[in-house]
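Worksheet: the structure to be examined is printed underneath.
The values are calculated or read from the model by the stated rules, or taken from the named source; none is laboratory data. Quantities reported herein were computed from a predicted structural model and do not represent experimental measurements. Counting neighbours? That spans all protein chains shown, and the Cβs are built from the backbone with ideal geometry, glycine included.
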Amino acid sequence: MTHANAPLTPEGRRRLAVLVVEQGWNLRRAAERFQCSPSTAKKWADRYRAGEPLTDRSSRPHTSPSRCPKRVERRIIGMRFTRRWGPHRIAYHLGIEPSQAWRVLRRYRMPHLAHLDQATGLPVRKARPHRYERAAPGELVHVDIKKLGRIPDGGGHRKLGRQQGRKKRGVGYAYLHHAVDDHSRLAYSEILENEKKETAACFWARANAYFASVGITVTEVITDNGSCYRSRVFRDALERMNIKHRRTRAYRPQTNGKVERFNRTLATEWAYADTYTSDDARAATYDTWLHHYNHHRPHTGIGGQRPSDRVHNLTGQDT
């Protein structure tokens, strides 16, 4: 650290300016004395003569014509608080560049989403796990089931409040069966009545047909260790299609991370994103949301692309 009396610190600049302004030294002689250029000596002498401080000025420009308008900045910060979106998602929604959204978030010192606690939204720094990805669509498909509580007619506790919602009798669960391609994040999903082995096997047959229809040949499937996936029925369904079956290690859900992330996205952006008056009302919007996920929603895990950008045979990708 430079000491306070070193040359060309504020004190050194004052001494240089005093020699020029008050003692009449010429600029070249004063510059040689303080080992700087004459132009530098003139700069500090002029500021001393004008009564200006001899500290460094900010390098920030006086005007920034290309800076994001305040109104847009408020929308960016609002989306980060209320929806917990990243810069790519915010930029896509507002029609701006991701770099512009990122600069606003950094200017306001917003923490990374990976450093936030999902339940409270408070900053909790975590080490970011290494992200792996298969090289081509179909090399690995993640399969899972999301158990989702059904909504009673008239709305549940999210619409009526916890006290009123608890008075309504439970109407059971819906079982969302998912198949998510590792490379493209393309998702095929259905809302079914149960998680039995026959249901899981039939779902996979339809999912595989869907992937084949968009030019994806599935060679490997990964699931958790649920009873339906350990069954002979599901195993035979994969063997008939010459598909290798992998299962995750016990208590290691991150091995099936692509579909686990899909479950979280589904919960925040569809299942609990609105207040529905019935389970049928929510289910009626699922296909629309799934189309948006596959064709229009940018994914930060694949560089801000959409799944349709990585599956060129996907029909209706521009609709």
- Note on the structure: If we keep only residues of segment 244-276 that are over 20 Å from HIS183 (Cβ atoms), touching a helix residue (DSSP H, G or I) at 6+ places or on another chain (Cβ under 6 Å) and touching a residue at least 40 places away in the same chain (Cβ under 8 Å), then the residue surrounded by the most Cβ atoms within 10 Å (Cβ to Cβ) is TYR276
- Task: Considering (1) free of Cβ contacts under 8 Å to residues at least 40 places away in the same chain; (2) touching a helix residue (DSSP H, G or I) at 6+ places or on another chain (Cβ under 7 Å), say which one PRO298 fails and leave the rest.
- Result: (1)
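State whether one or more residues within segment 198-216 are assigned by TED's automatic domain parsing to the domain that holds ASP280, of a type in the set (Lys, Arg) and either over 22 Å from ALA136 (Cα atoms) or under 29 Å from the mean Cα position of the chain (by Cα) (or both). Steps first, please.
Within segment 198-216, the first condition is being assigned by TED's automatic domain parsing to the domain that holds ASP280, and the residues that meet it are 198-216.
Add one more test, that the residue is of a type in the set (Lys, Arg), and what stays is 206.
Filter again for either over 22 Å from ALA136 (Cα atoms) or under 29 Å from the mean Cα position of the chain (by Cα) (or both), leaving none.
No, segment 198-216 contains no residue that is assigned by TED's automatic domain parsing to the domain that holds ASP280, of a type in the set (Lys, Arg) and either over 22 Å from ALA136 (Cα atoms) or under 29 Å from the mean Cα position of the chain (by Cα) (or both).
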- Task: Kindly check whether there is at least one residue in segment 290-299 that is surrounded by fewer than 13 Cβ atoms within 10 Å (Cβ to Cβ) and within 25 Å of the chain's Cα centre (by Cα).
- Result: no
- Task: Answer with yes or no whether ARG282 is farther than 18 Å from GLU133 by Cβ and basic (Lys, Arg).
- Result: yes
- Do we find that ARG306 is assigned by TED's automatic domain parsing to the domain that holds THR223, under 20 Å from TYR210 (Cβ atoms), surrounded by 17 or more Cβ atoms within 10 Å (Cβ to Cβ) and basic (Lys, Arg) in this structure? yes
- If ASN313 satisfies every condition in (1) in contact (Cβ under 8 Å) with a residue 40 or more places away in the chain; (2) among the polar types (S, T, N, Q); (3) surrounded by 14 or more Cβ atoms within 10 Å (Cβ to Cβ) but one, which is the exception? (3)
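Residue-by-condition table, conditions (1) modelled with pLDDT under 85; (2) more than 30 Å from THR265 (Cβ to Cβ):
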| residue | (1), (2) |
| --- | --- |
| MET1 | yes, yes |
| GLY12 | no, yes |
| GLN23 | no, yes |
| TRP44 | no, yes |
| GLY78 | no, no |
| HIS93 | no, no |
| VAL104 | no, no |
- Can you name every residue in segment 1-41 that is surrounded by 15 or more Cβ atoms within 10 Å (Cβ to Cβ) and basic (Lys, Arg)? ARG13, ARG15
